Amino acid sequence: MNPSRWLRFVWPAPASAVGLVLGGAGVATGASARCVDGVLEVSGGPPARVMRAMGIVAITLGHVVLGQSAAELDALRVHEHAHVRQYERWGLLFFPLYLAASLLAWCQGQSAYSHNHFERQACAAEAAARRRCARTSASDSLRSSSP
Ligand SMILES: [Zn+2]
């Protein structure tokens with residue numbers, strides 16, 4: 001593993017540790033876990049019930065994503081993995097920066113969630129992935145219709 005790849009995991013490790021504690025407790029009590037592109041995804045079980053009660057579909061903590069179900073993690077993968085990249089960039093600073101971005105949006109009379117800078121970045125990653133998917137589908141259908 002080269003040093004930059006190693007740092008990608010060390011820098012956000014405190015946040016990942018919180019995710020591992022919550023995810024590990026979830027797996028010990030019935031949740032499922034899988035590793036996708038270096039990210040541990042945990043779904044179902046008691047953590048999902050708590051998130052459902054709180055209105056949270058998925059949450060990223062470093063290199064751990066907790067979600068209500070595997071299907072929702074599949075649907076939200078690009079968005080949540082964008083948050084993983086944000087953790088890799090900002091490390092422990094991500095928590096206070098995220099809260100500051102929410103506070104800033106709220107002070108401007110906007111949604112503390114959907115107008116948060118980091119959420120907008122993650123949504124932009126989702127939109128870019130959808131455009132790539134649409135282009136691939138269009139070129140696939142052109143290829144399949146050509147002789
Ligand atoms: Zn998000």
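The values are calculated or read from the model by the stated rules, or taken from the named source; none is laboratory data. Please read these numbers as outputs of a predicted model, since none were measured by experiment. So basically every Cβ, Gly included, is an ideal-geometry build from the backbone, and we count neighbours across all protein chains shown.
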Restricting to the range 81-114, name every residue that is of a type outside the set (Gly, Ala, Ser), in contact with a helix residue (DSSP H, G or I) (Cβ under 7 Å, 6 or more places away or on another chain) and within 11 Å of the ligand (Cβ to nearest atom).
83, 86, 98, 113
List every residue pair whose Cβ atoms sit under 9 Å apart, with the two residues 6 or more apart in sequence or on different chains, where the first one lies in the range 46-57 and is touching a residue at least 24 places away in the same chain (Cβ under 8 Å) and the second, anywhere, is surrounded by 14 or more Cβ atoms within 10 Å (Cβ to Cβ).
47/22; 47/23; 47/25; 47/26; 47/31; 47/66; 47/67; 47/68
Of all residues being hydrophobic (A, V, I, L, M, F, W, C) and assigned to a strand (DSSP E or B) in the range 55-103, which is surrounded by the most Cβ atoms within 10 Å (Cβ to Cβ)? Just the residue, please.
66
When (1) at pLDDT 95 or above; (2) loosely packed, with under 15 Cβ neighbours inside 10 Å; (3) closer than 28 Å to residue 117 by Cβ; (4) not hydroxyl-bearing (Ser, Thr, Tyr) are applied to residue 35, the one that fails is (3)
